[in-house]
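The values are calculated or read from the model by the stated rules, or taken from the named source; none is laboratory data. Quantities reported herein were computed from a predicted structural model and do not represent experimental measurements. Cβ coordinates were reconstructed from backbone atoms using ideal geometry, including for glycine residues, and neighbour counts include every protein chain displayed. Heads up: the accessible areas ignore ligands, DNA and RNA and are worked out on the full protein's heavy atoms, side chains in. Shrake-Rupley method; radii C 1.70, N 1.55, O 1.52, S 1.80 Å.
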Amino acid sequence: MGATNIAELYDDSLYNILEFLSTEDRIRFAQVSQRFRQVFINQRGSKYREFIIDENSPRLELIQLCICRETVETLTIDLDHFDTGKYIGTSHRCTAPAECYAILCHTLPGMTRLKHLVVKQLKFYIAPIDKPFDQVLAAVRHLPELKRLELQATQDFSVDHLHYLQKLERLQLLIPKAPPACLVKCFKSNGSLRRLHLGYACCQKNLVNIIVTHCKNLEDLKFGMTAESADYKPLAKLPKLRELSHFGIRRSGSFEPLLSALANKSQLTHLSIDGGSLSNEEAYQLVRIQSLRHLTCFCASTECVELLGRLTNLEELCLWMSRSLDISHSLLTIIASCKKLKLLRLAVGIVDKNFFNDAIDLLRMGERLGQQPALRLE
């Protein structure tokens, strides 16, 4: 006997029906019953595992996201979608941003599989939404799988609710200002934090001491600030630190005590000093860190470049020269000394016309002796 109403159909038949429905009718279908919603999720949910809400996201797409909330694993929320200052009257923008944002925040607690959340504001933003970051943080505070959070902003938004999250392993804060007290509470609440990326100078007061005191499990730190030598040195106390990146302006020679302390521990494998040329004193301490496998740095002299050849365990080296010097001989010294080197990238610098031929000859000699892996020159 055939089915007398749609509810009696098998799921396979319902899937076929969904294929012929418009987006509006699919949404209505999903709202009929829990079973119909599950059929909708089974057919459409994979689309929303990784989803971006941006200025071009249609309203109906967001409704379907809400229906499929349990399938979301990675979500990016661009606040530009809720900006009333642009494109008013288009089909993509929210005409009632505060209400739309409230609906989104009401949906977030149901994203039980969410692992990675990004909230960003990178364009000038006008919207009647109070503390948009804090609203999201409050909404996701109990999600069991959320271990990676990225907040990006050019305007100064409150992040006082950061400490609501307590299972973070990776945190990126590219925001103008992060109050020290807010960071302290966040780090105390997230004892498993392994990777931390902070925007340049987002916290000026006691940043290093806060990190060293409360982030004992930190393995990867990326930050930038202008400070005295003594302010950087405590970073060497982090017991599990493997990767360290500093970017932006810094005082000349300010890393010497830190590099000296790191050399005594031999645990750092990745180091990036992006901004500010190494002084000779810093270079002498840096080459004592024999555990280094990946290095990015600026140099101002051929002597500094040649010193890097003492890092015999290097696998990747990215180098900038801050002065117009021919460093051909210095690079050849590195190639000859660093037998494990797989990538040598000269981002800015000068080599003579014979450099590449000489480098090839060195590499061929190493290959014949079975000492040199394949090396890529860039």
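Tabulated results
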{"read-out": "Answer from I52, I77, I88 - the residue that is modelled with pLDDT of 90 or more, open to solvent by 50 Å² or more (accessible area, probe 1.4 Å) and not in a helix (DSSP H, G or I)", "value": "I52"}
{"read-out": "Long-range neighbours under 7 Å by Cβ, at least six apart or interchain, first residue surrounded by 15 or more Cβ atoms within 10 Å (Cβ to Cβ) within region 28-49, second polar (S, T, N, Q)", "value": "I41/T71; R44/Q64; G45/T71; Y48/T71"}
{"read-out": "Meets criteria (open to solvent by 10 Å² or more (accessible area, probe 1.4 Å), small (G, A, S), in a loop (DSSP other than H, G, I, E, B) and under 30 Å from E281 (Cβ atoms)) for G191", "value": "no"}
{"read-out": "Tally of residues being surrounded by fewer than 20 Cβ atoms within 10 Å (Cβ to Cβ), modelled with pLDDT of 95 or more and in a loop (DSSP other than H, G, I, E, B) across region 233-255", "value": "3"}
{"read-out": "Candidate set from region 175-188 (those that are closer than 16 Å to G224 by Cβ and assigned to a loop (DSSP other than H, G, I, E, B)); member that is most open to solvent (accessible area, probe 1.4 Å)", "value": "K177"}
{"read-out": "Of all residues in region 175-190 being more than 19 Å from the chain's Cα centre (by Cα) and not β-branched (V, I, T), the one that is nearest to L122 (Cα to Cα)", "value": "P179"}
{"read-out": "Near pairs, Cβ below 7 angstrom, 6+ apart or cross-chain, from region 3-19 (modelled with pLDDT under 85) to any residue that is open to solvent by less than 100 Å² (accessible area, probe 1.4 Å) and small (G, A, S)", "value": "L9/A3"}
{"read-out": "Conditions (1) within 20 Å of L314 (Cβ to Cβ); (2) touching a residue at least 40 places away in the same chain (Cβ under 8 Å); number of the one not met by G275", "value": "(1)"}
{"read-out": "Options T226, T269: the member that is β-branched (V, I, T) and open to solvent by less than 50 Å² (accessible area, probe 1.4 Å)", "value": "T269"}
{"read-out": "Output for region 199-223, where each listed residue is open to solvent by less than 20 Å² (accessible area, probe 1.4 Å), under 17 Å from the mean Cα position of the chain (by Cα) and under 18 Å from A236 (Cα atoms)", "value": "L218, L221, F223"}
{"read-out": "Condition met for E281 (over 29 Å from H163 (Cα atoms), open to solvent by 50 Å² or more (accessible area, probe 1.4 Å) and among the charged types (D, E, K, R))", "value": "yes"}
{"read-out": "Complete set of residues in region 152-174 that are closer than 13 Å to D134 by Cβ and either within 19 Å of the chain's Cα centre (by Cα) or assigned to a helix (DSSP H, G or I) (or both)", "value": "A153, V159, L162, H163, Y164, L165"}
{"read-out": "When residues of region 103-150 are limited to those that are among the β-branched types (V, I, T) and assigned to a helix (DSSP H, G or I), the one surrounded by the most Cβ atoms within 10 Å (Cβ to Cβ)", "value": "V136"}
{"read-out": "Residue check for E316: open to solvent by 70 Å² or more (accessible area, probe 1.4 Å), under 22 Å from R242 (Cα atoms) and free of Cβ contacts under 8 Å to residues at least 40 places away in the same chain", "value": "yes"}
{"read-out": "Residue in region 361-368 that is without any contact (Cβ under 8 Å) to a residue 12 or more places away in the chain, open to solvent by 10 Å² or more (accessible area, probe 1.4 Å) and acidic (D, E) present", "value": "yes"}
{"read-out": "Number of positions in region 269-291 that are in contact with a strand residue (DSSP E or B) (Cβ under 6 Å, 6 or more places away or on another chain) and either farther than 15 Å from R242 by Cα or not small (G, A, S) (or both)", "value": "7"}
